[in-house]
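Here's the structure we're looking at; comments come further down.
Laboratory data are not the source of any read-out in this text; all were calculated from the coordinates shown. The shown structure was predicted, so the numbers you read here are calculated from the model rather than taken from an experiment. So basically every Cβ, Gly included, is an ideal-geometry build from the backbone, and we count neighbours across all protein chains shown.
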Amino acid sequence: MKLDILGTGTFFANINRTASAFILEIENKKILIDCGPGTLVRLSQIGLSPEDLDYVFITHFHPDHTSDLFPLFMNYRLSDLLVPGSVKKFPKFYGPEGLDKFLSAYSHNSELLAYDAWGKIKVFEYQSLINIDNYVVKPFKVDHSAFGLPARAYALRFESNNKVVVFSGDSTKCDGLQTACQNADIFVCDASSPKNQASPAHMDTYDIGEISQQSQVKKVILTHFYPQYDDVDLVSQVKEKFSGEVIHGQDLTSFEI
Ligand SMILES: [Zn+2]
Ligand SMILES: [Zn+2]
């Protein structure tokens, strides 16, 4: 497996840090995990086009994880319209329950039917286990609530050839996340909050350290950074609770697993 980090930020995107998006490559299949603002530009920066994607997985519906989905759909729809037959491959989209309704509503509300009334984009809502090609994806429901509104949020665990890569999505410290990251080779983790600042929306760095230690994770890659905490040494805080490797994620870096 190969992991490309596209975006390690949130809504406060800038040239060095766009919002949540990752590419996981398994046996030449390319999987996009989350699609926040800036994702399409980042894809082009690593030499990929929308047609190179085989699968798209969304951890939850918040716009810092989904807002480039419609530009992505428009790439397919316009290419298909302007040069019929030119789009050789449409990826399959996976996401939380209500994914089809979410995309339909957005399509109508934006008065641009990039998804609805077209029918070439196939979407699948999460089940307990997803078998794709020669690997397995296990979605785990996690607790994530923003401004008093609970989100349908999932951590995603990819297993292939005895290697495990886990994406926390946005999450608090909860049983679902604890189970998801068991013995992970790489745990790409929401690091929104410094120590002692956990909230109903996000873990803090001590939570990350504790959950990684308990689950015997090998390597933690921190992501989902807020610029308000740029001066805080988040890595050292996680290391106070976790004896494994901790990396401060950077856009446009990659890892072989
Ligand atoms: Zn969120
Ligand atoms: Zn987020």
Residue by residue through region 77-83, what is 3J(HN,Hα) from phi via Karplus (6.51 cos²θ - 1.76 cosθ + 1.60, θ = phi - 60°)? Round to whole Hz and write x for glycine and proline.
5, 5, 4, 5, 6, 6, 10
For the chain, built as a Gaussian network whose Cα springs stay under 10 Å, the top-fluctuating residue of Pro139, Pro91, Pro37:
Pro91
Sites Asn16 and Gln213 - FRET efficiency at Förster radius 25 Å, r taken between beta-carbons, to 0.05
0.25
To make sure I understand, if each residue's beta carbon is the centre and we count other beta carbons within 10 Å, what order do Ser44, Ser79, Ser128 fall in, fewest to most?
Ser128, Ser44, Ser79
Suppose only helical runs count, i.e. DSSP H with n ≥ 4. What mean residue ellipticity at 222 nm does that imply for the chain under -39500 (n - 2.57) per run, divided by all residues and rounded to the nearest 500 deg cm²/dmol?
-6000 deg cm²/dmol
Can you tell me the relative contact order of region 2-250? Whole percent, Cα pairs under 8 Å, sequence separation 6 or more.
13
Pseudo-spin-label distance Ser254 to Asp52, built 7 Å along Cα→Cβ, given in nm, is 0.8
Could you please state, rounded to a whole Å, how far the C-alpha centre of region 127-197 is from the C-alpha centre of region 67-87?
30
Going by how many other beta carbons lie within 10 Å of each one, how would you line up Ile132, Ile58, Ile31, Ile15, fewest first?
Ile15, Ile132, Ile31, Ile58
Taking θ = phi - 60°, what integer Hz values does the Karplus form 6.51 cos²θ - 1.76 cosθ + 1.60 yield along region 171-183, in sequence order, with x for Gly and Pro?
7, 8, 6, 8, 4, x, 6, 4, 5, 4, 9, 3, 6
Among Phe147, Phe12, what is the fewest-to-most ranking by other Cβ atoms within 10 Å?
Phe147, Phe12
